[in-house]
Amino acid sequence: MDYDLITDDEYDSLPEDAQQKFAALEAICRRSMNRLISDQTPRHFDELIRMQYMITVAAAAAELGVEGVTFPGHLDNPEDGLQYFLVDVSAATTRIRLRNNASLAYSVRLSARTRGRIELQIRKLRDVIDGSELPADKRDRLLAKLNELAAELDRTRVSFSKLMSLLAALSVGLAGTTSFLADAPDALTTITSLVGADKEAEEAEARRLGAPPVQKALPAPPTTSQENALDDDIPF
């Protein structure tokens, strides 16, 4: 079995921009971690893969200047800090994706296909919350946040600031659940990626169309023979 979370070819294919490079690297490593770990793999193997994920991502964050992502080396068993590490990573990658092309509009119009794919991720999150061991009042608060998220994503244009706030609240609220490691981070990151992809497509289309043409001034109306006659009568 190949235990590498990211291959040399994948390293070579990462974006040039440091922040985008981190986001792409983390996504590759997380997918590899989730692929390698299963119900059939032994616990010591799962611990090794999770530690490798945290070390790789934390090292990339330090090298690429991404703040807020550090290896939990202060713990006797760093794996105990994995849930909070994933929360920090989700927050960092969310900021990176939402700040991309930040000089442009801070909202996006989602395609029908994207809305359908996001609805699937919202259903996954709802299942995580319903099936969690959280107290009933906390489940209700998280479900309320999820309903807010669904309502925001149903708007004609989705606000990035509102989206980031809701995703962060859901990440923190779900950090203590047993299903968090398996489902919630992927669902939250997928929603962010889908919204970001539609924003990139929207901006690419705007660049293709270019600025609207400048409307030419209307020509002056032609002078009539009657006006010419009146001009001849002006005494100067």
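Heavy-atom accessible area, probed at 1.4 angstrom with all protein chains present, ranks E67, E205, E79 as E67, E205, E79, highest first.
With the Cα gyration tensor of the range 31-185 giving a ≥ b ≥ c as the square roots of its eigenvalues, does the rule (a/c under 1.5 for rounded; else a/b larger than b/c for prolate; else oblate) give rounded, prolate or oblate? Note, shape of the range 31-185 comes out oblate.
Apply the Kirkwood formula to the range 1-102: the hydrodynamic radius equals the inverse of the mean of 1/r over all pairs of different alpha-carbon atoms; give it in Å with one decimal. It would help to have the intermediate numbers written out before the result.
Details: mean 1/r = 0.0706 Å⁻¹.
Kirkwood hydrodynamic radius for the range 1-102: 14.2 Å.
If R0 is 35 Å, the Cβ-Cβ spacing of D39 and E148 corresponds to a FRET efficiency of close to 0.55. The stretch between S13 and D140 holds 41.5 nm of extra length on full extension. This uses 0.36 nm per residue minus the Cα-Cα distance. In terms of the mean number of neighbouring beta-carbon atoms within 10 Å, the peptides 188-198, 37-47, 114-124 order highest first as 188-198, 114-124, 37-47.
Keeping every protein chain present and rolling a 1.4 Å probe, give me the accessible area per residue for the range 113-178 in Å². Don't skip to the answer; put the middle values down first.
On the way: 3470 Å² over 66 residues.
Solvent-accessible surface per residue comes out at 53 Å².
Considering the options L64, S90, T114, tell which one lies farthest towards the positive end of the dipole of the range 23-117, charges being +1 on Lys and Arg and -1 on Asp and Glu at the Cβ, about the Cα centre. So the residue furthest toward the plus end is T114.
The values are calculated or read from the model by the stated rules, or taken from the named source; none is laboratory data. Nothing here was measured: the structure is a model prediction, and the numbers come from that model. Neighbour counts are summed over all protein chains in view; Cβ atoms, including those assigned to glycine, are modelled from backbone coordinates with ideal geometry. Protein only, heavy atoms only, side chains kept; ligands, DNA and RNA dropped before computing areas. Shrake-Rupley method; radii C 1.70, N 1.55, O 1.52, S 1.80 Å.
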